[in-house]
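The values are calculated or read from the model by the stated rules, or taken from the named source; none is laboratory data. The structure displayed is predicted, hence computed values, not measured ones. Neighbour counts are summed over all protein chains in view; Cβ atoms, including those assigned to glycine, are modelled from backbone coordinates with ideal geometry. When the accessible area is computed, the model is the full protein with side chains, heavy atoms only, and any ligands, DNA or RNA have been set aside. Shrake-Rupley method; radii C 1.70, N 1.55, O 1.52, S 1.80 Å.
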Amino acid sequence: MSVLARSVGNAFRNKVRTAAVVAVLAVAIGLALAMLVANQAVGAKVQELNASVGTVLTVNPAGGQGFEGGGEPLTAAQAATAAAVPNVSAVVGTSSLRLRNAAAAAAQAAQTAQTGQGGPGNQTGQAGPGGQAAATLTTSLTAAVDAGTLGNRNQQANGTTGSTGTTRQPVRSLPITATGIGAEVDTTGKGLNITQGTGLGDYSAASTGALLGTTLAEKNNLSIGSTFTINDQTYTVTGLFDAGTAFGNNAVYITLPTAQTLAGTPGELSSMIVTVNSMDNVAAAKTALQAALGSDKADVTQGQNLQTAVSSLDSVKNISFIAFIAALGTAGLIILLIMVMLVRERRREIGVLKAIGAPNRTIGLQFVLEALVLAALGSAFGAAIASFASNGIASALISSNTSTGAATTGRGFPGGAGGAFQGGQRGPFGGASQLLNSVTASASPGVIAGGIAAVFGVAIIGALVPALLTARIRPIEVLRGE
Amino acid sequence: MIEVKNLVRTFNSGDRTIKPVNDVSFVLEQGTLASIVGKSGSGKSTLLSLLGALDKPTSGDVVVDGVSLASLPDSKLTEYRRRDIGFVFQQFNLIPNLSAVDNVMLPMEFAGVRKASRLERAKELLEQVQLDPSKHDRRINRLSGGEQQRVAIARALANEPKLILADEPTGNLDEQTGDHIIELLSSLSRDHNTTILVVTHDRVLANKTDRRFRLQQGKLTEEPARERAVAATA
């Protein structure tokens, strides 16, 4: 019988105790692995966020904060000024539009006329939070998401449907976000994830091509080459994109000149997405940009909500790493204590082995291997626990550490020429909380293997101390007991 | 040849100092079958542990084939026990969760004997000590006292040691098996030139040894071999 076989046999000598030890180890190892998985998932998300938006600044018209404000729209000339600021590598203008289904809008208007209710802003020029008239256009598209309680409330508040009286209001769908873009990026400056078809080609020229969010296309049974209308003008779907969220996919992208023409505001921009050449220069570029554009003309922001999100995720990452180390240390401590107990319990046996010529290293190895057998069993069950629990633990960690951040991301961003949209759809960075929630902690084999390797390392360290203790046992103790 | 020189082992018990082995000296030629008799607590087991390098003497020395055990480091003493010594403990001291054959194979495993060879030899030794083959693979804790004693004797013989130290090797055996074990030890001494030192209360066994010592209050004296001589003549 080899040392390994003897160690495996010894590990199962007392089955009840082995089961108890393995159960405790499995919980500790499972927790450690779940924390590691969460840590890796959050780390990857932070990296992704930093890579995509870490160097992006957003410029909005000054005064366009929250549901109040006013100011002047941004212009192409200001975009040129921004592009000239040192360390600015790109400036992309956007023009936001609000699309309503033509049939739904007509039905609402008819209902309003019958009931004698109605608010002031349901035709065109609905007041956006930026205080500027947003171009509300009709379309053949049907929104892919319902307005929900918040959306209905906001629509009523804005006078879209009227709010007086006790008449039950019909369920509304959200307006569709249409954005004219000067480059193939979304409203956060992140490259569009086109899943089917192609982009719009030259984004600085008018075009009848459009990019649709996947859920919006699905809702309207559209595919590449299909057509739809905005204000009775026909557009062709050239590509489908996936923004990662339901609201984000209830959107249309067209070229910037096309949007400006549709809005009747040529040369005006809702916002500018400014990319800085490196993370190190973001702060300086922000200051220079604000000075160049004038604080009374434009607000330069650094995607605060995303920063909050990244900061929250960084906290989660740190917490999960500390928890991983703590759980790993706990597993090591359990192994250490168990092995110390076993060594004390088997002193006589160790003495016998020494009396018949077993070298210290053989006896020590036997105990280390026995610890590894227990660790392997604990790891197997722990990995199973982690694979089931890691996503839940990661979600719990994120929700408990990002409530503040999520609250701040719930605000709509200021409206520009086209105004910002309400009713559940947040501003350019409004998806931050959804980004947090989109962290999926899947227990990949690589991460689990890495975690188990760490567990084995800790198990070896935990078993070494008791194994070294065996060297101090003298064989005479065998005979003294007789 | 084993040469014991002025061996002393003391223990402190409260204010008292106990000397279970007090200035013991003797020489055993290779191949001698010797016995030590004495009352319980007279220091017989302590003397065996000193000869087997399980314990270190307070003073004096044990010289085996010209090598002083007192001069050897722990690793060499382990090697000495593995290569040159076979122990039969009074309480057997077998590993309870291993089978009989696994217990006998253990010393050979430590000595680096290949698995096939040690399995073959272990079974051969268990047959020599008359353990029923059906019990070779049985766990120790499922064997009777006498069966365990036979496994302990087989284990002591595993590495063909120069010196076998046996503490009451026939104590738990019936008369017939005891006689067989005595014959086995005698043949090892006679045919394989193995030195055997047994501690026993069994007069029959003691009388069959080449030399008989009595340990009394730590002092070792050799008894005349008249009865043995008579038995040999007969």
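Side notes on the structure shown:
- When restricted to residues that are modelled with pLDDT under 85 and within 14 Å of chain B (Cβ to nearest Cβ), the stretch A:12-51 contains 3.
- Residue count for the stretch A:1-11 under the criterion of being surrounded by 15 or more Cβ atoms within 10 Å (Cβ to Cβ) and facing chain B (nearest Cβ under 10 Å): the result is 5.
- Test: residue in the stretch B:103-117 that is over 23 Å from residue B:31 (Cα atoms) and among the basic types (Lys, Arg): yes
- When the residues of the stretch A:354-387 are filtered to those that are polar (S, T, N, Q) and within 12 Å of chain B (Cβ to nearest Cβ), the one that is most open to solvent (accessible area, probe 1.4 Å) is A:360.
- All conditions in (1) open to solvent by less than 10 Å² (accessible area, probe 1.4 Å); (2) closer than 24 Å to residue A:27 by Cβ; (3) within 14 Å of chain B (Cβ to nearest Cβ) hold for residue A:350, with the sole exception of (2).
- Sole residue being within 20 Å of residue A:341 (Cα to Cα), touching a helix residue (DSSP H, G or I) at 6+ places or on another chain (Cβ under 7 Å) and part of a helix (DSSP H, G or I), chosen from A:42, A:22, A:46: A:22
- Screening residue B:93 against (1) open to solvent by less than 20 Å² (accessible area, probe 1.4 Å); (2) closer than 25 Å to residue B:18 by Cα; (3) at pLDDT below 90 leaves a single unmet condition, (2).
- The stretch B:119-153, subset in contact (Cβ under 8 Å) with a residue 24 or more places away in the chain and within 12 Å of chain A (Cβ to nearest Cβ), residue nearest to residue A:357 (Cα to Cα): B:152
- Residue that is surrounded by the fewest Cβ atoms within 10 Å (Cβ to Cβ), among those in the stretch A:214-238 that are under 24 Å from the mean Cα position of the chain (by Cα) and not aliphatic (A, V, I, L, M): A:218
- When restricted to residues that are under 18 Å from residue A:473 (Cα atoms) and away from chain A (no Cβ under 11 Å), the stretch B:42-71 contains 1.
- Only one entry of B:25, B:75 meets the criterion of being hydroxyl-bearing (Ser, Thr, Tyr), within 14 Å of chain A (Cβ to nearest Cβ) and open to solvent by 10 Å² or more (accessible area, probe 1.4 Å), and that entry is B:75.
- The residue list B:193, B:159 contains one member that is in a loop (DSSP other than H, G, I, E, B), open to solvent by 40 Å² or more (accessible area, probe 1.4 Å) and within 30 Å of residue B:79 (Cβ to Cβ), which is B:193.
- The stretch B:1-21 - residue that is over 21 Å from residue B:84 (Cα atoms) and at pLDDT 90 or above and, of those, least open to solvent (accessible area, probe 1.4 Å): B:21
- Unique residue being of a type in the set (A, V, I, L, M, F, W, C) and modelled with pLDDT of 85 or more when the list is B:205, B:125, B:173, B:188: B:125
- Condition met for residue A:280 (part of a loop (DSSP other than H, G, I, E, B) and open to solvent by 50 Å² or more (accessible area, probe 1.4 Å)): no
- Tally, over the stretch B:100-112, of residues that are more than 8 Å from chain A (Cβ to nearest Cβ) and open to solvent by less than 50 Å² (accessible area, probe 1.4 Å): 5
- Filter pass, residue A:106 being open to solvent by 40 Å² or more (accessible area, probe 1.4 Å) and either at pLDDT below 65 or in contact with a helix residue (DSSP H, G or I) (Cβ under 9 Å, 6 or more places away or on another chain) (or both): no
- Hey, residue B:181 in a helix (DSSP H, G or I), in contact with a helix residue (DSSP H, G or I) (Cβ under 8 Å, 6 or more places away or on another chain) and modelled with pLDDT of 80 or more or not: yes
- The conditions of being assigned to a helix (DSSP H, G or I), crowded, with 20+ Cβ neighbours inside 10 Å, β-branched (Val, Ile, Thr) and within 14 Å of chain B (Cβ to nearest Cβ) are not met by residue A:334.
- In this structure, residue B:213 does not satisfy being aromatic (Phe, Trp, Tyr) and open to solvent by 10 Å² or more (accessible area, probe 1.4 Å).
- In the condition set (1) crowded, with 19+ Cβ neighbours inside 10 Å; (2) in a strand (DSSP E or B); (3) hydrophobic (A, V, I, L, M, F, W, C), residue B:47 is compliant with all but (2).
- Of all residues assigned to the stretch A:358-369, none qualifies as being in contact (Cβ under 8 Å) with a residue 24 or more places away in the chain and within 30 Å of the chain's Cα centre (by Cα).
- Qualifying residue in the stretch B:67-86 (condition: within 20 Å of the chain's Cα centre (by Cα) and part of a loop (DSSP other than H, G, I, E, B)): no
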